[in-house]
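Participant: Below is one structure. I have some questions about it.
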Amino acid sequence: MDFAYSEEHEMIRQTARDFAEEVLAKTAAERDRTESFFHEELKQLAELGFLGIVVPEEYGGAGMDTISYMIALEELSCVDASVGVVISVTNSLACYPILEFGTEAQKQKYLIPLAEGKYLGGFCLTEPESGSNAADLKTTAVFDGEHYVLNGSKNFITSGLSGDIFILTAVTDKSKGARGTTAFIIERDLEGIIFGAKEKKMGIRSSDTSSLTLDDCRIPVENRLGEEGMGFKIAMTSLDSGRLGIAAQALGIAQAALEESVKYSKERYQFGRPISEFQAIQFKIADMECRIQAARLLTYRAAYLKDQGKRYTKEAAIAKLCASETATWAADEAVQIHGGYGYTKEFLVERLFRDSRVTEIYEGTSEIMRLVISRAVLDEY
Ligand code: CAA
């Protein structure tokens, strides 16, 4: 067992940290306030290779390991969690399924521009009537001999307004349940796709989220991802990778909550002393450090298993559950340490509190994570 970071890990940490502090930090609060996307910053992230971190170089990516990917996402999210989720979704839920299940032609046409950052990717699974029960989709895809004709609607799509390419699942054979679902690669300007308005969100407001409606939208057969009936497995496998990304995003938020708390508690005087000298504050800081370090190790372990080519469904769920609950708890503690100031928009912890909340909801709620973990454990022993 080796707990040391490699040179590559140190390099990507420094690159991501420098970029976050020098570029993202300047605009993060204003983009959150105005709900504006980070188009300019995204171009620079693409140049740094952050849109295809684990994609092999032959497909336009940076060819790094999954721990490098975790490190980069944590560093970016520490400054701006909206950037974290967008980078996570395009890497884990768009690049990854095409790399894993795509044909060579699909890789050439879609994966290379995604990894190079010419396209931004999204993922369309959730529907108005299907959230946690992802096998019970209503969107249908009917093959007419040349095209699949898609009808239905999807919602809560990260980068729904800024994205170019989406992985979408639809039912091709209702009688087969989860095995009757098929995945497709969708381009945003296809006829028959109508994107909804931007959702008004509590947090991660510099990322856009929208719904879409499919009205007799014709998808060429060459855009089917994998075989008919593989859609649910493709979605679940992608979500294993996606949950790692959200774990890393949550770690970034939690780390920022800790750093802000330490800084503030040394500056804030009460009863003639900095509040960092009070044990009530010290214990909160100790608990934050413990929970963050534990969640980070769990995340790295799941990432390591992925790179070993092992099944890591349970470990990804553990990592996401622990990291996201650490993030919401740490952000809450950080607000408490800041007292009344933490409740104002002048202090970063207010945004961390709002941004953290969704990490327990998207890409599988904490309840679904417990279900995935308990099913695996009950099978194991
Ligand atoms: N990897 C590979 N295969 C998997 C798998 C995985 N992680 N999970 C399930 N499968 C396979 C099973 O082995 C099974 O295969 P067989 O038919 O060959 O036996 C098949 O899929 C069905 O599995 P289950 O019986 O376990 O399926 P289920 O209906 O009981 O559902 C669930 C399981 C865990 C509850 C699943 O529905 C789930 O994860 N729900 C949450 C959905 C979710 O995370 N949504 C987030 C949407 S994305 C998002 O948030 C938007 C965004 O932009 C950020």
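The values are calculated or read from the model by the stated rules, or taken from the named source; none is laboratory data. Being a predicted model, the structure only gives us computed values, none of them experimental. Every residue, glycine as well, gets a Cβ built from its backbone with ideal geometry; the counts of neighbours run over all protein chains shown. Protein only, heavy atoms only, side chains kept; ligands, DNA and RNA dropped before computing areas. Shrake-Rupley method; radii C 1.70, N 1.55, O 1.52, S 1.80 Å.
Participant: Pick from region 326-366 the residues that are more than 20 Å from residue 266 (Cβ to Cβ) and aliphatic (A, V, I, L, M): which of them is most open to solvent (accessible area, probe 1.4 Å)?
Facilitator: Selected residue: 361.
Participant: Could I ask something else about it? On the given criteria, is residue 239 in a helix (DSSP H, G or I), open to solvent by less than 50 Å² (accessible area, probe 1.4 Å) and either modelled with pLDDT under 95 or of a type in the set (A, V, I, L, M, F, W, C) (or both)?
Facilitator: Yes.
Participant: Considering only region 165-189, state which residues are within 18 Å of residue 114 (Cα to Cα), open to solvent by 10 Å² or more (accessible area, probe 1.4 Å) and of a type outside the set (Asp, Glu).
Facilitator: Of everything in region 165-189, just one residue is within 18 Å of residue 114 (Cα to Cα), open to solvent by 10 Å² or more (accessible area, probe 1.4 Å) and of a type outside the set (Asp, Glu), namely 188.
Participant: Does region 204-225 hold any residues that are within 25 Å of the chain's Cα centre (by Cα) and over 19 Å from residue 152 (Cβ atoms), and which are they?
Facilitator: Matches in region 204-225: 204, 205, 206, 207, 208.
Participant: Here's something else I'd like to know. List every residue pair whose Cβ atoms sit under 8 Å apart, with the two residues 6 or more apart in sequence or on different chains, where the first one lies in region 311-338 and is in the same structural domain as residue 73 (by TED's automatic domain parsing) and the second, anywhere, is not aromatic (Phe, Trp, Tyr).
Facilitator: From residues that are in the same structural domain as residue 73 (by TED's automatic domain parsing), there are no pairs.
Participant: Quick check, is residue 206 open to solvent by less than 20 Å² (accessible area, probe 1.4 Å) and of a type outside the set (Lys, Arg)?
Facilitator: Answer is yes for this residue.
Participant: Moving on to the next point. Run down 34, 90, 27, 66 and say which single residue is more than 13 Å from the chain's Cα centre (by Cα), within 16 Å of the ligand (Cβ to nearest atom) and of a type in the set (Ser, Thr, Tyr).
Facilitator: 66
Participant: Additional query: Across region 127-148, what is the number of residues that are surrounded by fewer than 18 Cβ atoms within 10 Å (Cβ to Cβ) and either closer than 30 Å to residue 63 by Cα or among the aliphatic types (A, V, I, L, M) (or both)?
Facilitator: So the answer is 2.
Participant: I've got another one for you. Only one of these is part of a helix (DSSP H, G or I), within 16 Å of the ligand (Cβ to nearest atom) and under 21 Å from residue 85 (Cα atoms): 319, 295, 331, 376. Name it.
Facilitator: 319
Participant: For region 139-172, which residues satisfy the criterion of being outside any strand (DSSP E or B) and more than 10 Å from the ligand (Cβ to nearest atom)?
Facilitator: 139, 144, 145, 146, 161, 162, 164, 172
Participant: Just to be sure I understand, how many residues within region 245-277 are loosely packed, with under 14 Cβ neighbours inside 10 Å and not in a helix (DSSP H, G or I)?
Facilitator: Counting residues in region 245-277 that are loosely packed, with under 14 Cβ neighbours inside 10 Å and not in a helix (DSSP H, G or I) gives 5.
Participant: How about region 1-110: which helices (runs of 4 or more DSSP H) wholly inside it have at least 3 residues that are among the polar types (S, T, N, Q) and open to solvent by less than 50 Å² (accessible area, probe 1.4 Å)?
Facilitator: 66-79
Participant: A further question on this structure: Would you call residue 309 out of contact with any His (no Cβ under 8 Å at 6 or more places or on another chain) and outside any helix (DSSP H, G or I)?
Facilitator: Yes.
Participant: Something else now. Restricting to region 173-191, name every residue that is part of a helix (DSSP H, G or I) and within 13 Å of the ligand (Cβ to nearest atom).
Facilitator: If the condition is that a residue be part of a helix (DSSP H, G or I) and within 13 Å of the ligand (Cβ to nearest atom), then 176, 177, 178, 179, 180 are the ones that fit.
Participant: Name the pairs: first residue in region 254-277 and within 20 Å of residue 353 (Cβ to Cβ), second residue part of a loop (DSSP other than H, G, I, E, B), Cβ to Cβ under 9 Å, at least 6 apart or on different chains?
Facilitator: Between residues of region 254-277 that are within 20 Å of residue 353 (Cβ to Cβ) and residues that are part of a loop (DSSP other than H, G, I, E, B), the close pairs are 260/347; 264/347; 265/278; 275/268.
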